[in-house]
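The values are calculated or read from the model by the stated rules, or taken from the named source; none is laboratory data. Values in this document were obtained by computation on a predicted structure and should not be read as measured data. In this analysis, Cβ positions are derived from the backbone assuming ideal geometry, glycine residues included, and neighbour counts consider all displayed protein chains. Side chains included, ligands, DNA and RNA excluded: accessible areas come from the protein's heavy atoms. Shrake-Rupley method; radii C 1.70, N 1.55, O 1.52, S 1.80 Å.
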Amino acid sequence: MKSAILVFPGINRERDMARALKLVSGQEPAMVWHAETELPAGTDLVVVPGGFSYGDYLRCGAIAARAPVMDAVRAFAARGGLVLGVCNGFQILCESGLLPGVLMRNAGLKFICRDVHIRVERSDTPFTAGYNAGQVIRVPVAHGEGNYEADDETLKRIEGDGRVLYRYCAADGVVDAASNINGAAASIAGLLNEAGNVLGMMPHPENHVETIMGCTDGRGLFAGLVAHLDRAA
Amino acid sequence: MMSNQPKITPELVASHGLKPDEYQRILDLIGREPSFTELGIFSAMWNEHCSYKSSRKHLRGLPTKAPWVIQGPGENAGVIDIGDGQAVVFKMESHNHPSYIEPYQGATTGVGGILRDVFTMGARPIACLNALSFGDPSHPRTRHLVSGVVAGVGGYGNSFGVPTVGGQTRFHTRYDGNILVNAMAVGLAPADKIFYAAASGVDMPIVYLGSKTGRDGIHGATMASAEFDDASEEKRPTVQVGDPFAEKLLLEACLEIMAKGCVIAIQDMGAAGLTCSAVEMGAKGDLGVDLDLDKVPTRETGMSAYEMMLSESQERMLMVLKPEKEAEAEAIFRKWGLDFAVVGHTTPTRRFVVKHGGDVMADLPIKELGDEAPLYDRPFVDGARLPVIHARDVAAPCAPLAALTRLLATPDLCSKRWVWEQYDHVILGNTVQRPGGDAAVVRVEDGPKGLALTVDVTPRYCEADPFEGGKQAVAEAWRNITAVGGRPLAITDNLNFGNPERPEIMGQFVGCLRGISAACTALDFPVVSGNVSLYNETNGRGILPTPSIGGVGVLADFTQSATLAFKVEGEAILLIGDTHGWLGQSVYLRDICGREDGAPPPVDLATEKRNGDVVRGMIHAGTATAVHDLADGGLLVALAEMAIAGKIGATLDAAPDGLVPHAWWFGEDQARYLVTVPQSELLGVLTKLKAVGVPVSQIGVTGGDRLAIAGEGEVAVKDLDAAFERWLPEYMAGGAS
């Protein structure tokens, strides 16, 4: 699996992501600077990592979404290439038009860093192939603006298409208000685009891939991507 | 030569925080009246914050050496060797005065400043900790300050991208007018690639890097060297504004040019900004410095030399570069979108010369600016000794389990989850032990080495007996590192006190330092960096003496670290160390009996070392399955924390004969640990500990979902957990205080 991690000024989880990808896929990802206009040849997966691109002083992700490299990413996605955005990466993908909707300030108005449970809604996508449908996994969140919102019609379409891949839930898989840590519409934690090749998610699977992190539930996401790309190859 | 400069009057001198005799010292030193800019420079260099004029004499007595110490106090941060060519760079610093006036920005710039101190030396920051002291929960400003400070600490660290892994949060009425925000940063560097402040070579370019200079923070360090009064709100303009995004860029750019070998010397612009950094680089290198302020990148037009020299705008660095590498360094900074300007050069004159608009605005002897700063041997008196409180003279207001449930929901003992969940503590993927344990544990790169990190002090002990309190702060840091299996290596001290011009405050300072020295010596735990914050007073009322101790230890293999959670049912619970039932200055005595009173528990350093070494050995041997040190709240609170963390209960024996029961359960005798061991190991452990003379007794067995005491009833662990987690979120939501 040849992956490319985008690096914008202010991004800070690029090393975490690189380490997780290397651990699971065995291959070192390429780090791609925001000013680049092309992705490395043969890229299978583009990852937009977490952080505070440009300080998030404007709307989160708004400036990064307009960086030169994003044109290459849009073209890559249009050709069916796999794109994963995590946390600030999710925000950047929404701002760049690759995903619908927007991420607002957490309902509790505070930054939240804690382990949460998310339910895998379906397993027949490249981003969930490493899990079973209905499986509950534990991953950390670390964000101040992860409250996903979209207009009613968009939400209806997203749900109708089955594009919510991950939803905040209780440890037993029940989706309720108490486990919806940031107030996201329909408890959406991870969302797929219409074509099925771009995923944005707020939780950090890359921070739960080794025993020392207290949990390895995040590995499945990367293992699923590797398996999917191996099959495609 | 200079026009439109204010006339130097006694009032102007006084408003710069300089006493008449200090001003006379300036006149004697330079042989003429200083210019306005020069007066500003002296005020910046000679205030308490920068010159340590009241504390220097006593700081010299601290033990600072050990074979593993690479750099002790005096640089941007301390450096210790952890083997394999790796060094840990760390320091703690206060940002107290600004945080009271403007909590969010005060806290952010506190974190930003300490991170800069660490990466200035070539280290990539890998963890942050903090110690926060707030006023009484019922004080009208407390909620606002907690909210702002916590958001600020998180706001900076989260964006910069370093995990905040541990700390302390306390409440006490003596911090009503002066909160404490102490931030610690820990970084990792190659042991042979540490960067220092001393310039070398004549005619070397001095380069300004980072953000532009604005009018923020002018006289910040001078403010931090004065007491507060009712007009302190008006000092808001002296508080700087933090920009973690700029700092993240500065970090990456600095580490990149360091790796490329461009840097001769580097100094961050912290307190007193350009003045302090330029003077330090020159003075440490035995060189002069010429600065041309026309070259300094500014955020606004029309800034005077005085303003530029005293600005405390954040996220700025000064470097001496290798001339042949200038273009390469500039390209790297431009790539990161940062300002890069050659603003001066080194000279052989040992003069500090500042030019602006073609005029010489300052021309001062550089070494004397630092070395000749006033040094005070301030008078001090020891406070009255408080009597030892005997447990038999204290009536128990309620049964132990009822007292426990109440204690877990008090401001000082309750869970601080509300605080640390606002800090990203998992970024970088190396956090082995998250906040809430005895010490945080972070993996070093890909392991197997780990670091154990903690911040400790018990201010009420320091107030009651500065010497014992100083000892206890160090001993507790050492104990917390030990309790996770770490080998304690060194500390950074952040000494927060009131007005040193009052002999009783100076007495607290001197007493605490003596205690710190004694403990550091006995535990082989030297001080490698630190910071002094005095004048934490409002209208003549000082804070509790608060020497925060940041401790760093190393684990050869992080997988061998112990946690405090009970692991399985049916294990023996052992109490290691002697229990006499010391109630004086205990949280129980204060919060349950309503008496903040008595002498604090004495600390026997030889016993500390002996008991701790044995516990660490048990962790490494794999016989200890859970370990917790005993501190605030004593035995029963520690047991409850272990049960809550492990979601497993315990059945406990009654208090032993001869001890007053509530003193057994809640006394705060030192040098004690709780350890669980499997039944199969029990006999072996008991025999071994008795053989080496370490007091040990089995006090119960893990199991069930309740904490039960023979003859005292029981309480469900989930009820204890609810009590533990309840107070802070309720309080912050506007409820109970």
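Computing FRET efficiency as 1/(1 + (r/R0)^6) for A:LEU23 and A:ASP124, where r is the C-beta to C-beta distance and R0 is 22 Å, gives about 0.30.
Spin-label model, A:THR216 to B:VAL388: label points 7 Å out along the Cα-to-beta-carbon direction sit 5.5 nm apart. Across A:ALA171, A:ALA142, A:ALA41, mean-square fluctuation computed from a Gaussian network of chain A (C-alpha pairs under 10 Å connected) peaks at A:ALA41.
Using alpha carbons only, how many angstrom separate the centre of the range B:598-622 from the centre of the range B:450-472? After rounding, the separation between the Cα centres reads 15 Å. A simple charge model with +1 on the Cβ of Lys and Arg, -1 on the Cβ of Asp and Glu and nothing else charged puts the dipole of the range B:40-131 at about 320 debye relative to its Cα centre.
Computed from label points 7 Å out along Cα-Cβ, the spacing between B:ALA722 and B:LYS19 is 5.9 nm. With a ≥ b ≥ c the root eigenvalues of the C-alpha gyration tensor of the protein assembly as shown, is it rounded (a/c under 1.5), prolate (a/b larger than b/c) or oblate? Cα axes put the protein assembly as shown in the oblate bin.
Please give the helix B:326-335 orientation as an angle from the longest Cα principal axis of chain B, in degrees from 0 to 90, rounded to the nearest 10. Tilt of helix B:326-335: around 60 degrees.
Backbone N atoms of the range A:135-158 closer than 13 Å to the 7 Å Cα→Cβ label point of A:ALA107 belong to residues A:146-149.
Over the range B:615-737, with the other protein chains present, what is the accessible area per residue in square angstrom, probe 1.4 angstrom? Numbers along the way, then the final one.
Details: 4630 Å² over 123 residues.
Heavy-atom SASA per residue in the range B:615-737 reads 38 Å².
Relative to the dominant Cα principal axis of chain B, helix B:605-621 is inclined by about 80°.
In loop segments of the range B:289-340 as defined by DSSP, the GluC sites (Glu not before Pro) with at most 14 further C-beta atoms inside 10 Å of their C-beta are B:GLU300.
With both partners inside chain A, how many of the DSSP beta bridges are antiparallel, as a percent to the nearest 5?
Values: 23 of 38 bridges.
For chain A, the DSSP antiparallel bridge percentage is about 60.
Placing +1 on the Cβ of every Lys and Arg and -1 on the Cβ of every Asp and Glu, with no other charges, gives chain B a dipole of roughly 640 debye about its Cα centre.
Please work out whether chain A counts as rounded, prolate or oblate from its C-alpha gyration tensor, where a ≥ b ≥ c are the square roots of the eigenvalues and a/c under 1.5 means rounded, while otherwise a/b larger than b/c means prolate and anything else oblate?
Numbers: a/c = 1.34, a/b = 1.16, b/c = 1.16.
In terms of gyration-tensor shape, rounded.
Measure nothing fancy, just the Cα-based angle from helix B:244-259's long axis to the longest principal axis of chain B, in degrees from 0 to 90, nearest 10. The helix B:244-259 is inclined about 80 degrees to chain B. Evaluated with a Cβ-only charge set (Lys, Arg +1; Asp, Glu -1), the range B:262-332 carries a dipole of roughly 100 debye about its Cα centre, given to the nearest 20.
Leaving out ligands, DNA and RNA, calculate the buried accessible area for the pair B and A with a 1.4 Å probe, summed over both sides, in Å² to the nearest 100. Before the final figure, lay out each step's value.
Numbers: alone 24850 and 9770 Å², together 32240 Å².
The B and A chains share an interface burying roughly 2400 Å².
So, for chain A, what is the accessible surface per residue at a probe of 1.4 Å, expressed in square angstrom?
Details: 8540 Å² over 233 residues.
Accessible area per residue: 37 Å².
Here the label points at A:TRP33 and B:ARG56, each 7 Å from Cα along the C-beta direction, are separated by 4.6 nm in the simple model. Between A:ALA227 and B:ASP203, the FRET efficiency from the beta-carbon distance, with R0 = 56 Å, is close to 0.35. Compared with the alpha-carbon gap, the fully stretched path from B:THR687 to B:ILE30 is longer by 229.3 nm at 0.36 nm per residue.
For the range B:59-116, trypsin sites (Lys or Arg not before Pro) are listed when DSSP marks them as loop and at most 12 other Cβ atoms sit within 10 Å of their Cβ; the list is B:ARG60, B:LYS65.
Which of the three applies to the range B:231-366, rounded, prolate or oblate, going by the alpha-carbon gyration tensor with a ≥ b ≥ c and a/c under 1.5 meaning rounded? Present the calculation step by step, with values, prior to reporting the outcome.
Values: a/c = 1.72, a/b = 1.10, b/c = 1.57.
Oblate shape, in that a/c is at least 1.5 and b/c is the bigger or equal ratio.
Short version: which residues of the range B:240-262 lose at least 50 Å² of accessible area, all chains versus chain alone, 1.4 Å probe? At a threshold of 50 Å² (probe 1.4 Å), the residues of the range B:240-262 that become less exposed are B:PHE245, B:LYS248.
DSSP loop GluC sites (Glu not before Pro) in the range A:116-169 with at most 12 other Cβ atoms within 10 Å of their Cβ, which ones? It would help to have the intermediate numbers written out before the result.
Numbers: sites: A:GLU121, A:GLU145, A:GLU149, A:GLU153, A:GLU159; in loops: A:GLU121, A:GLU145.
The qualifying sites: there are none.
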